[in-house]
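The values are calculated or read from the model by the stated rules, or taken from the named source; none is laboratory data. Note that the coordinates shown come from a computational prediction; the quantities given were computed from them, not determined experimentally. In this analysis, Cβ positions are derived from the backbone assuming ideal geometry, glycine residues included, and neighbour counts consider all displayed protein chains. These accessible areas exclude ligands, DNA and RNA; they are computed on the full protein's heavy atoms, side chains included. Shrake-Rupley method; radii C 1.70, N 1.55, O 1.52, S 1.80 Å.
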Amino acid sequence: MAEITEFDTIAAISTPIGEGAISIVRLSGDQAVAIANKVTRNIDLTKVASHTINYAHVIDPQTQQDIDEVMVSVMLAPKTFTREDIVEINTHGGIMATNSVLQTLLSNGARLAEPGEFTKRAFLNGRIDLTQAESVMDIIRAKTDKARQQALNQLDGSLAHLIRNLRQQILEVLAQVEVNIDYPEYDTEQMTINLLQEKAQQISQKITDLIKTASEGQILNHGLKTAIIGKPNVGKSSLLNALSHQQRAIVTDVAGTTRDVIEQMANINGIPLQLVDTAGIHATEDKVEQLGVDRSLQALDNADLVLMLLDGSRHLDDQDLKLLQLTQNKKRIIIINKMDLPQVLSRQQLTGEINKEQPIAISALGQQGIDQIEQQIEQLFFAGVPTSTNTAVVTNARQLGLLKQAQQALTDVQTGIQQQMPIDLVQIDMTNCWNLLGEITGESAPDELITELFSQFCLGK
Ligand code: GDP
């Protein structure tokens, strides 16, 4: 068997598995055309023009048996997604036809691609940088139009462009420092120190601005983790349904029937909300229910936002008070449900239990007041944040972590200068900052990181 190398020809099914009109099996590598040609009849794929789609039959070259009637796209390097030769075979949809075509390619010289390997090759061959690769993944996973738009902007390379610009500035300063170290007789030391100080400050400001975009970026990308908390029967499942405009959680009038944590996505003016309906946090003997209660507490811990639900048709009780206390340090919206029923909950008592929050009265069942919740969510998370659909936005924890480290390195530069440390030590911190920024775009990213990152992709991408 031939030795497996990083650049052998890979193949995978690039469309979701299931019944559909067509599926696409993709090949990439310098043998892509040769392998595809070996398994097709009635056409010589080595002779067709690049970027054309061709009618053919896939056969098993050993038995000469027909496998599927297909359309084959041939795209020759370098103008392809991976910058390698790519062949895409449009097969009939369904698992059998698609799988048989893939198996035939694998028996005739191709290797099964790892998840994300096509995109990894695009990166390794210099077609895209790491932030763009991440945005490919984000586009696939985008849950709302706004999130998709943001990912699309990133695919343009706006973040990478900005980062490269900062790195270039650092490089210029470092070059100046070098001159100073090599030719100290020119007495440029003070100038170099001033320049270092000034640049460290400027770049640090730019990084601060970028960091500010992170919460928006991450929320758009991953959704705002929202826990719906309240005692049994208060209307949590009904609110989940009202917010997600779908019937998903089972609504019953037996207290404690939402036994598990139910998750649902909702789209609030383009903000994806990852809603978690909890079993209600209350003491229970029931083992199954206890499991739900534990998970509810965990959901509460992880939540970015809590929708704290009270029942307007009942008096505030110990459970309500306990939950109000438990959620007091969270970003929360207090909601009084069942406003369509006679109201007995004492507003005065409630006001004594909460800070300056303004409770919102709703009827989850009658879909009343839901828009007020939506407005409040926007207020809480996006007030004052420019909607940055056109600019560079930090979209994940990896980028954010690196930016924070880079900023720390710049703080170290500034402290070093203040403490009159030798300039070559200050230079180390500046170089460190340059490296950290390079990790964001992938220019100085370690191999393990790259492998780890692409392994999160789906197969065939
Ligand atoms: P959960 O246990 O907190 O998830 O509560 P559910 O959503 O299952 O609701 C419990 C009961 O309260 C069901 O019978 C719902 O129909 C009812 N309910 C929920 N919201 C409202 C509302 O706004 N008004 C009225 N009248 N009933 C409601």
Counted residues, region 139-177 - those being under 30 Å from SER244 (Cα atoms) and open to solvent by less than 20 Å² (accessible area, probe 1.4 Å): 5
Residue that is farthest from the ligand (Cβ to nearest atom) [pool: residues in region 224-234 that are open to solvent by 10 Å² or more (accessible area, probe 1.4 Å) and in contact with a helix residue (DSSP H, G or I) (Cβ under 9 Å, 6 or more places away or on another chain)]: LYS225
Residue match in region 305-314 (condition: surrounded by fewer than 21 Cβ atoms within 10 Å (Cβ to Cβ), among the small types (Gly, Ala, Ser) and in the same structural domain as LYS231 (by TED's automatic domain parsing)): yes
Count - residues of region 13-61 that are under 16 Å from GLY93 (Cα atoms), loosely packed, with under 12 Cβ neighbours inside 10 Å and charged (D, E, K, R): 1
Hey, LEU345 within 11 Å of the ligand (Cβ to nearest atom), assigned to a loop (DSSP other than H, G, I, E, B) and open to solvent by 10 Å² or more (accessible area, probe 1.4 Å) or not: no
Residue that is modelled with pLDDT of 90 or more, away from the ligand (no atom under 16 Å from the Cβ) and assigned by TED's automatic domain parsing to the domain that holds LEU166, where the choices are GLN419, GLN358: GLN419
Some residue of region 391-398 being at pLDDT 90 or above and either over 18 Å from the mean Cα position of the chain (by Cα) or open to solvent by 30 Å² or more (accessible area, probe 1.4 Å) (or both): no
Hey, GLN103 in a helix (DSSP H, G or I) and open to solvent by 50 Å² or more (accessible area, probe 1.4 Å) or not: yes
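Do we have THR226 as under 26 Å from ALA397 (Cα atoms), outside any helix (DSSP H, G or I) and hydroxyl-bearing (Ser, Thr, Tyr) here? Working first, answer last.
On the way: under 26 Å from ALA397 (Cα atoms): yes; outside any helix (DSSP H, G or I): yes; hydroxyl-bearing (Ser, Thr, Tyr): yes.
Yes: the conditions hold for THR226.
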Failed condition for LYS404, given (1) outside the structural domain of VAL177 (by TED's automatic domain parsing); (2) more than 16 Å from the ligand (Cβ to nearest atom): (1)
Those residues of region 317-342 which are open to solvent by 20 Å² or more (accessible area, probe 1.4 Å), of a type in the set (A, V, I, L, M, F, W, C) and either assigned to a loop (DSSP other than H, G, I, E, B) or within 11 Å of the ligand (Cβ to nearest atom) (or both), in sequence order: MET339, LEU341
Pick from region 107-141, criterion under 13 Å from the mean Cα position of the chain (by Cα) and free of Cβ contacts under 8 Å to residues at least 60 places away in the same chain, ranking: nearest to LEU459 (Cα to Cα): ILE139
Selection count, region 235-282, where residues are modelled with pLDDT under 55 and open to solvent by 30 Å² or more (accessible area, probe 1.4 Å): 12
Checking LEU402 against (1) modelled with pLDDT of 90 or more; (2) part of a loop (DSSP other than H, G, I, E, B), the condition it does not meet: (2)
Given (1) out of contact with any Ser or Thr (no Cβ under 9 Å at 6 or more places or on another chain); (2) within 28 Å of LEU224 (Cα to Cα), index of the condition LEU297 fails: (1)
